[in-house]
1. From the list Val28, Val54, pick out the single residue that is without any contact (Cβ under 8 Å) to a residue 40 or more places away in the chain, open to solvent by 60 Å² or more (accessible area, probe 1.4 Å) and under 22 Å from Ser91 (Cβ atoms).
2. Return yes or no: is Arg173 charged (D, E, K, R), closer than 18 Å to Val115 by Cα and modelled with pLDDT of 95 or more?
3. Which of the residues that make up the stretch 84-128 are under 15 Å from Leu150 (Cβ atoms), touching a residue at least 24 places away in the same chain (Cβ under 8 Å) and hydroxyl-bearing (Ser, Thr, Tyr)?
4. Quick check on this structure: which one of Val74, Val81, Val54 is at pLDDT below 90, within 29 Å of Leu145 (Cβ to Cβ) and part of a strand (DSSP E or B)?
5. Give the stretch 179-197 a look and list any residue that's in contact (Cβ under 8 Å) with a residue 40 or more places away in the chain and under 22 Å from Cys97 (Cβ atoms), or say none.
6. Across the stretch 129-178, which residue is surrounded by the most Cβ atoms within 10 Å (Cβ to Cβ) among those that are in a strand (DSSP E or B) and in contact (Cβ under 8 Å) with a residue 40 or more places away in the chain?
7. Could you grab me the full set of residues in the stretch 73-90 that are touching a Ser or Thr at 6+ places or on another chain (Cβ under 8 Å), of a type outside the set (Phe, Trp, Tyr) and either open to solvent by 60 Å² or more (accessible area, probe 1.4 Å) or closer than 17 Å to Glu105 by Cβ (or both)?
8. When only residues in the stretch 117-128 that are part of a loop (DSSP other than H, G, I, E, B) and at negative phi count, which is most open to solvent (accessible area, probe 1.4 Å)?
Amino acid sequence: HFPVIAPAGPATDFLGRLTASWEEDIRVRALHGRRPSLPELDVVAFTPSEQPQVVWERGPVRVSAIEVHHEPVVPAVAYRVDTEDGSAVISGDTRVCPSLETLAEGCDLLLHEVVLGDLAIAAGMPHVAAYHADARELGAMAQALAVTTLVLSHLEPSPRDATSALAFVEAVRSGGYTGQLVVAHDLLSVDHQGSVW
């Protein structure tokens with residue numbers, strides 16, 4: 001069994017149907033190759049709330065979740081991973097909201113999606129600006145929470161080059177954030193001390 005922990009609702013419904021389209025192919029391949037079938041997903045659902053709840057724990061590693069605001073997508077959640085080396089929060093898709101602030105308080109690293117609202121609106125995407133985190137608001141929140149390292153991900157509108165990526169940095173800084181700031185890209189690695197490679 002392969003355990004997958006997810007919020008009850010569309011995510012767990014999807015997981016329940018994930019292999020259905022390939023059932024016959026999996027069955028035939030298992031028979032032909034005399035191999036066992038693929039491992040079954042062990043879906044563990046939790047009901048999101050606006051208070052942090054531990055959804056997985058093993059040894060010194062604890063994963064907590066909290067409901068965030070990405071309406072009309074409901075539920076949407078953010079996760080916090082606490083270890084002996086530090087803590088990281090992954091926002092998921094959300095606007096800046098009090099529940100995310102609760103989860104991220106005192107974290108070492110915050111990985112957060114971000115939008116340049118004015119540019120998204122000008123590009124004909126006001127709906128994107130409405131339910132994603134505005135860069136200036138994100139900068140203000142990260143500063144208020146004393147986040148050590150802020151990593152920007154899922155950038156909208158998607159930067160085309162280094163100059164357009166710099167616009168996200170400038171907007172977050174204009175919100176007041178003075179900590180370490182990283183614009184994410186594919187395959188980026190950041191360690192528990194915020195070092196990038």
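1. Val54
2. Taking the combined requirement at face value, the residue satisfies it.
3. Matches in the stretch 84-128: Ser91, Thr94.
4. Details: Val81 fails: at pLDDT below 90; Val54 fails: at pLDDT below 90.
Result: Val74 is the single residue among Val74, Val81, Val54 that is at pLDDT below 90, within 29 Å of Leu145 (Cβ to Cβ) and part of a strand (DSSP E or B).
5. Result: Ala184, single match.
6. Of all residues in the stretch 129-178, those in a strand (DSSP E or B) come to 134, 149-156.
From the residues that got through so far, the ones that are in contact (Cβ under 8 Å) with a residue 40 or more places away in the chain too are 149-156.
Details: Thr149: 23, Leu150: 26, Val151: 22, Leu152: 23, Ser153: 15, His154: 16, Leu155: 20, Glu156: 20.
Per the criteria, the residue is Leu150.
7. Once the filter is applied, which keeps residues that are touching a Ser or Thr at 6+ places or on another chain (Cβ under 8 Å), of a type outside the set (Phe, Trp, Tyr) and either open to solvent by 60 Å² or more (accessible area, probe 1.4 Å) or closer than 17 Å to Glu105 by Cβ (or both), the stretch 73-90 yields Ala78, Arg80, Val81, Asp82.
8. By that ranking, first place goes to Ala123.
The values are calculated or read from the model by the stated rules, or taken from the named source; none is laboratory data. Predicted model only: the values in this text are computed from it and were never measured. Neighbour counts are summed over all protein chains in view; Cβ atoms, including those assigned to glycine, are modelled from backbone coordinates with ideal geometry. Note: areas computed on protein heavy atoms with side chains; ligands, DNA, RNA excluded. Shrake-Rupley method; radii C 1.70, N 1.55, O 1.52, S 1.80 Å.
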